[in-house]
1. Taking every pair of distinct Cα atoms and averaging 1/r, then inverting, what Kirkwood hydrodynamic radius in Å comes out for the chain?
2. If we sort 313-322, 162-171 on the protection proxy, mean other Cβ atoms within 10 Å, highest first, what's the order?
3. Distance in nm between label sites at THR345 and MET293, each 7 Å beyond Cα in the beta-carbon direction?
4. Cα-based count: Lys pairs in the chain below 13 Å, eight or more positions apart or different chains?
5. Over the Cα atoms, compute the radius of gyration (one decimal) and Dmax (the largest Cα-Cα distance, rounded to a whole number) for the range 110-205, in Å.
6. How much length, in nm to one decimal, is gained on full extension between ASP269 and ALA359, taken as 0.36 nm per residue of separation minus their Cα-Cα distance?
Amino acid sequence: MTAIRQVAVQGDTPYTIHIGHGLLDDGALIGRHIRGRHVLIVSDDQVAPLYLDRVRAALLAARPELQIGAHVIPAGEASKTLDNFGQVIQSLAELGATRDACVLALGGGVVGDMAGFAAACWMRGIDCVQLPTSLLAMVDSSVGGKTAVDLPQGKNLVGAFHPPRAVIADTATLATLPPRELRAGLAEVIKYAAIRDLRFAQWLAQERHALLDGQADVLALAIAASCEHKAEIVARDPTEKGERALLNLGHTFGHAIETAQGYGAPGSDNLIHGEAVAVGMVLAARLSAALGMATERDGDALAELLGAFDLPTRIPDGLDPAALLAHMRLDKKNSAGSLRLILWTAFGESLIVPDVDEAAVLAVLAAG
Ligand code: NAD
Ligand code: GLY
């Protein structure tokens, strides 16, 4: 029940990331971050049956006066839509949520992004506490305040920066996470190693079996290390005016793949977000080598590390390189008429490149 680790996110709106086993049962900890009386728990239909009643019961035990509503969306990226966002807003209206209300985002990154966006918009901004239950959400999406929904034209095109009031990551929930989702989360963990921490990469390679087996103590270390990396960057650059863009290594490629495939639903063959990022990071490394910025050997090492975690490293069959490039042009990181990508010079050293040659990108996409 006790938080075993805490990571502080500094900056204009500081908050704490609590990482520990059993934290969803700690109603006092969750309740401490709720200012008013109204709470809306947003979750999805795979996570809610496992954890929603437990969170509600724990909260009511600690704060019996709370009025707690729930809103459950279908699981999967295909649910991160404006329509579903509108329905979360409708639930806040039905709850009669006031300015001091709190949204609890109980689930993976899809729930976190959509619930966070609803909190950002309701009455121009109410509190959101992130309760991430997927590894990807614990190491990335719950931290840093990016909230959004997708459009058919592209990922995360409608959204807002809205930092959470707290992040409470119960590592016990990872025991029910499907193995494919665990691996997808590990792709984002590897991202931190790829952009800024060679020693972390070596540690990840060494602890591969423990991580893939879901060994709780090793996963907790990986989560804390990832959150420390992200906290350091978002504290300096909360709204991605500069270095925060480094956290998007592989994402422009990855988002293009997700958009071209029409977004994944549980059980579909489409790449899920972390898998698409894994492929995207390898493509970024290949492009860096093609542009003479890095060695091919580093790209091979990254592909090998991702492959060791059973993550995909090549573009799925049937996707048209020109169509992928068109999707990449709509990415939020671009400015008019130029493709802005995160590339690297060596394993653990990344940089933002503002005007990347499209012909080189197309060649990398065509090579797969
Ligand atoms: P997700 O939310 O779809 O969750 C993955 C799957 O695992 C879902 O089916 C979910 O129901 C299930 N699940 C989650 N926790 C579970 C648990 N403990 N037990 C059983 N099942 C569980 O996907 P994700 O990988 O968590 O997040 C991906 C999303 O996050 C994407 O939309 C991506 O764009 C977004 N993202 C946002 C940021 C950000 O900074 N805001 C960063 C990275 C990714
Ligand atoms: N996942 C990238 C970011 O939060 O900036």
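Bear in mind these aren't lab numbers, they're just calculated from the coordinates by the rules spelled out. From a predicted model like this one, the values you see are computed outputs, not experimental measurements. Here the Cβ positions follow ideal geometry from the backbone for every residue, glycine too, while neighbour counts run over all protein chains shown.
1. Result for the chain stands at 20.4 Å.
2. Packing proxy ranking, top to bottom: 162-171, 313-322.
3. Distance between label points: 1.1 nm.
4. Lysine pairs satisfying the spacing and distance rule in the chain number 9.
5. 14.7, 46
6. 29.5 nm
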